[in-house]
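This report concerns only the one structure given below.
The values are calculated or read from the model by the stated rules, or taken from the named source; none is laboratory data. Keep in mind that what you see is a predicted model, and the values were worked out from it rather than measured. A quick note on method: Cβ atoms are made from the backbone with ideal geometry, for glycine too, and the neighbour counts reach across all protein chains shown.
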Amino acid sequence: MGHLYDIFVGTIFIAGTVALSLAVYLTARWFTRKAPPDRHPEMAGAMVMRIGALHGLILALVFAQEMAGYQRLETHTATEASAIADVYNDAARYDPVALMPLQQTMVSYTREIIESEWPSLGRDEGLSAEAWLQWERAYAMALDLEPANARQTSLRDHMIAQLHAIATARNLRDADGSGSVFVLFWFAALSGVVLIALGYYSHRPEPHNLVLMSLFSAYTGVILFLIYGFSNPYAAPAALSPAPMERLYEQISAPSQ
């Protein structure tokens with residue numbers, strides 16, 4: 001169902017952009033039907049070229065920004081999963097019996113991220129309060145440790161540092177995962193589609209002209225769809241899976257079952 005939904009949304013973007021371009025073009029032709037516009041193709045072509053360059057630049061910059069945020073989120077998720085694994089394993093090295101509650105807390109924290117926090121971020125509801133509570137419990141346990149030797153001192157310090165890294169990664173996930181495409185971008189993007197279509201009013205609505213305009217509009221629709229998808233990487237159509245967390249959870253939850 002997820003892939004079908006992605007295809008459906010992508011089709012809407014592509015078909016909508018093509019329909020908008022052709023509708024604007026044909027409307028402009030209808031308004032200029034009494035005065036032959038075919039005398040001005042050179043001027044229209046120059047205008048379309050300049051608007052098209054600016055339009056392409058805007059799309060490229062926003063696409064690059066959203067793609068970079070998507071990739072940063074992947075990095076933050078992998079970093080957080082690595083830090084969770086370090087805390088879990090260091091707790092076993094410190095004292096596998098006394099720190100079993102700390103290990104179980106990290107298991108519960110990971111499960112909360114996968115089952116609740118990820119969908120919550122997809123709905124723009126922010127980070128899970130329960131996940132923060134689990135983190136606070138683990139942090140308090142690490143702070144209350146009283147090392148008996150240098151080995152335990154090193155392990156305690158490393159666990160505290162990794163818990164700090166988890167908190168930082170959580171905040172960065174929230175920042176990079178929130179929708180960052182402004183409404184003004186969509187206004188600029190659609191304005192570019194409209195103005196480019198208007199600029200071709202001086203060309204006759206011959207089949208090959210309509211096909212070429214449709215191809216350009218369809219590609220623009222693809223880019224707009226990708227920008228829309230990357231703008232919220234926690235939700236469809238370009239939802240990022242918490243794969244590092246899921247793999248880690250499979251590993252650390254098995255011993256506790």
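Of note:
- Which listed residue is under 31 Å from the mean Cα position of the chain (by Cα), surrounded by fewer than 19 Cβ atoms within 10 Å (Cβ to Cβ), more than 27 Å from residue 81 (Cα to Cα) and at pLDDT 90 or above, from 133, 210, 172, 190: 190
- Any chance residue 120 is over 17 Å from residue 163 (Cβ atoms), of a type in the set (S, T, N, Q) and in contact with a Phe, Trp or Tyr (Cβ under 9 Å, 6 or more places away or on another chain): yes
- So residue 97, is it surrounded by 14 or more Cβ atoms within 10 Å (Cβ to Cβ) and within 26 Å of residue 154 (Cα to Cα): no
- Residue that is surrounded by the most Cβ atoms within 10 Å (Cβ to Cβ) [pool: residues in region 228-257 that are within 8 Å of the chain's Cα centre (by Cα) and not in a loop (DSSP other than H, G, I, E, B)]: 230
- First in region 56-85 and under 22 Å from residue 118 (Cβ atoms), second anywhere and among the acidic types (Asp, Glu) and buried (at least 16 other Cβ atoms within 10 Å of the Cβ), Cβ under 6 Å, 6 or more apart: 69/176; 72/176; 73/176
- Conditions (1) closer than 18 Å to residue 242 by Cα; (2) touching a residue at least 40 places away in the same chain (Cβ under 8 Å): number failed by residue 104: (1)
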